[in-house]
Amino acid sequence: MTIEMPAPPRQSGVIVLKEYSKEEIDIESERLYNEIQQKERWSIELCKSIAPLTLEINQLKEENDVFLIAHSYQTPDIIYGVADEVSDSYSLSKAARDASQQTILFSSVRFMAETAKIVSPHKTVIHPSPDAGCSLSDGINAQDVRNLKEKFPGVPVACYINTTAEVKAECDVCVTSSNYLKICEKLPGKRLIFVPDRFMGKHLQNSLAGKKEVIVYDGECEVHALFTGEKIRSWKERMSKQGINLTVLSHPECDAEVLEESDIVGSSEVLIKKTLELSEKGEKDVMLITECGTVDRILAESKNDLNIIGACVMCKHMKKTHLEDILQSLRNPTTEQVIELDDEIIKRAKHSLEEMFRLAE
Ligand code: 13P
């Protein structure tokens, strides 16, 4: 692996931990060490230091009937230590909708936890890091959507899931990185408004050219916006000189030029699955144009050697949640950590999400 990965998170040490026996810690740290599969960055000593956190979190989850959902961009200690469900934003919305538990803890950014509350309004939804935002969802508000609807009356509005509940409430349908092309193609009429990701919007414009006009907003993901077609081209050329034929996989929040240089474009879950399939076939030279959590999952879940080239980018918002925040919010959540939304907003935003489930399947 030639890719540079960020250092594991540092727990603050502020929270008082429960005492466990040496045997309990040894068993738990072995489990973490073997599941995370990054023997240097996530050493057995590091796993020992976090074992009391994962042990108590798992115990509290069971005692209080909590379903812990984590997005793939969360750190490996959360994903392999305490999560019950890990995936992309579409699958996680369905998991939140279908959970049998009365409480959901969503380890991720705010809009994803809000989405869980919208699809399961009668459940308690805990979000351990209330200030974990997203440059896309923070870049647009409900008034911006109302202004667009006024300017283009009658034109259907599709909003990316990376938006607040208030924005979802103004839209006709919600979409994610795994279904935006399929759903937008199905919308009635020759025009549609797509908010807020300008790169995904551009991808839609290119894909629907000749069929539909796509009116696009100006937001972007601060992580995926950093990749350029130029950088990918130069990596590919450099590797090709060494006889390496790179397979490039990128997320659709990237610029159109990046997508043009890519062999596979898909959601975080699709990128992981496709990379694992490539490695099964012995195609081990890959470049992942996305957030670093995707690489962490591939390293843990691949049974074969992979040569992951390039540089992933870390999302500082996604990495705000630490095991300590999860433990504290399970022990005694603050009011800010429990998602509360206005009933009318829930009703309208739920309609957008139900339309997504209907059109995506
Ligand atoms: P996915 O739906 O692909 O997991 O994307 C979520 C996201 O915010 C990507 O930056």
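The values are calculated or read from the model by the stated rules, or taken from the named source; none is laboratory data. Everything quoted here is computed from the prediction, not taken from an experiment. FYI the Cβ positions are ideal-geometry reconstructions off the backbone, even for glycines, and counts take in every protein chain you see. These area figures cover heavy atoms from the full protein model, side chains too; ligands, DNA and RNA do not enter into them. Shrake-Rupley method; radii C 1.70, N 1.55, O 1.52, S 1.80 Å.
Can you pull the percent of Cα pairs in the chain with separation above 26 Å?
Value for the chain (Cα pairs over 26 Å): 51 percent.
Write down, largest first, the equivalent ellipsoid semi-axes of segment 265-361 in whole Å, where each equals the square root of 5 times an eigenvalue of the alpha-carbon gyration tensor.
They are 34, 22, 12 Å, listed from largest to smallest.
Lysine pairs in segment 126-256 with alpha-carbon atoms under 12 Å apart, 8 or more places apart or on different chains: how many are there?
Final tally of qualifying lysine pairs is 4.
Across segment 25-131, how many lysine pairs separated by 8 or more positions, or lying on different chains, have Cα atoms within less than 30 Å?
Lysine pairs meeting the criterion: 8.
Net charge near GLY310: determine it from the other residues with C-beta under 11 Å of the C-beta of GLY310, scoring Lys and Arg +1 and Asp and Glu -1.
Details: positive: LYS231, LYS236, ARG238; negative: GLU4, ASP285.
Local net charge: +1.
Just the number, please: carbon plus sulfur as a percent of the accessible area of the chain, 1.4 Å probe, no ligands or DNA/RNA counted.
About 48 percent, which is the carbon plus sulfur part of the accessible surface.
Just the number please: accessible area per residue for segment 202-288, 1.4 Å probe, all protein chains included, in Å². Mind showing how you got there, number by number?
On the way: 4250 Å² over 87 residues.
Value for segment 202-288: 49 Å² per residue.
Tell me, what is the 1.4 Å probe accessible area of VAL82, in Å² to the nearest 10?
Near enough 0 Å² of accessible area.
Among THR124, LEU276, VAL82, whose Cα lies farthest out toward the positive end of the dipole of the chain, if unit charges sit on the beta carbon of Lys, Arg (+1) and Asp, Glu (-1)?
LEU276
With just the Cα atoms defining each centre, how far is segment 324-361 from segment 178-252? Give it in Å.
28
With a probe of 1.4 Å, find how much accessible area segment 47-140 has per residue, and write the answer as a whole number in Å².
Details: 2670 Å² over 94 residues.
On a per-residue basis, segment 47-140 sits at 28 Å².
Hey, how much of the P(r) for segment 131-268 falls beyond 21 Å, as a percent of Cα pairs?
Numbers: 4163 of 9453 pairs.
That tail contains 44 percent of the Cα-Cα pairs.
Kindly state, as a whole number, the per residue volume in cubic angstrom of the convex hull around the alpha carbon atoms of segment 52-109.
69
If each DSSP helix of 4+ residues adds -39,500 (n - 2.57) and the sum is divided by the residues in the chain, what number results at 222 nm, nearest 500 deg cm²/dmol?
Numbers: 16 runs with 166 residues, N = 361.
Computed mean residue ellipticity for the chain: -13500 deg cm²/dmol.
For a paramagnetic label modelled at 7 Å from the Cα of GLU213 toward its Cβ, which residues of segment 137-175 fall within the zone defined by backbone nitrogen distances under 16 Å?
Within reach of a label on GLU213, which here means backbone N under 16 Å from a point 7 Å along Cα→Cβ, segment 137-175 contributes 148-157.
State the answer as a single residue: which of LEU299, SER267, LEU323 lies farthest towards the positive end of the charge dipole of segment 254-361, with beta carbon charges of +1 for Lys and Arg and -1 for Asp and Glu, about the Cα centre.
So the residue furthest toward the plus end is LEU323.
Just for the Cα atoms in segment 11-154, what are the lengths along the principal axes, largest first, rounded to whole Å?
Sorted largest first, the three principal extents are 66, 33, 28 Å.
Springs between alpha-carbon atoms under 10 Å, Gaussian network over the chain: tell me which of PRO188, PRO196, PRO130 tops the mean-square fluctuations.
Residue with maximal mean-square fluctuation among PRO188, PRO196, PRO130: PRO188.
On average, how much area does the Cα convex hull of segment 306-361 cover when viewed from any direction, in nm²?
On the way: hull surface 31.9 nm².
Computed as one quarter of the Cα hull surface, the answer is 8.0 nm².
Given 10 °C and 1.306 mPa s, how large is the Stokes-Einstein diffusion coefficient of segment 137-198 in µm²/s, with Rh as the Kirkwood radius over Cα pairs? Could you put the intermediate results ahead of the total?
On the way: Rh = 11.6 Å.
Roughly 137 µm²/s, to the nearest whole number.
Just report the Cα centroid separation between segment 277-305 and segment 79-124, whole Å.
25
So what is the diffusion coefficient of segment 194-252 in µm² per second by Stokes-Einstein at 4 °C and 1.567 mPa s, using a Kirkwood Rh over Cα pairs?
It diffuses with D of about 97 µm²/s by this estimate.
Translational D (Stokes-Einstein, µm²/s) of segment 1-81 at 37 °C and 0.692 mPa s when Rh comes from the Kirkwood sum over C-alpha pairs?
240
Whole number please: convex hull volume per residue, Cα atoms of segment 230-311, in Å³.
Here the figure is 79 Å³ per residue.
Calculate, axis by axis, the spread of Cα positions in segment 1-44 along the three principal axes, and write the results as whole Å, longest axis first.
Taking the Cα atoms of segment 1-44, the three principal extents are 39, 24, 11 Å.
Among the GluC sites (Glu not before Pro) within segment 1-89, which fall in a DSSP loop and have no more than 10 other Cβ atoms within 10 Å of their own Cβ?
Taking segment 1-89 and a limit of 10 other Cβ atoms within 10 Å, the loop GluC sites (Glu not before Pro) found are GLU19, GLU40.
Using Cα pairs under 8 angstrom and six or more residues apart, how large is the relative contact order of the chain, in percent?
Worked out over the chain, it gives 22 percent.
With no solvent and one equal point scatterer per Cα, compute the Debye intensity ratio I(q)/I(0) for segment 284-334 at 0.17, 0.21, 0.23 Å⁻¹ and report its log10, rounded to two decimals.
So the normalised log intensities are -0.65, -0.79, -0.86.
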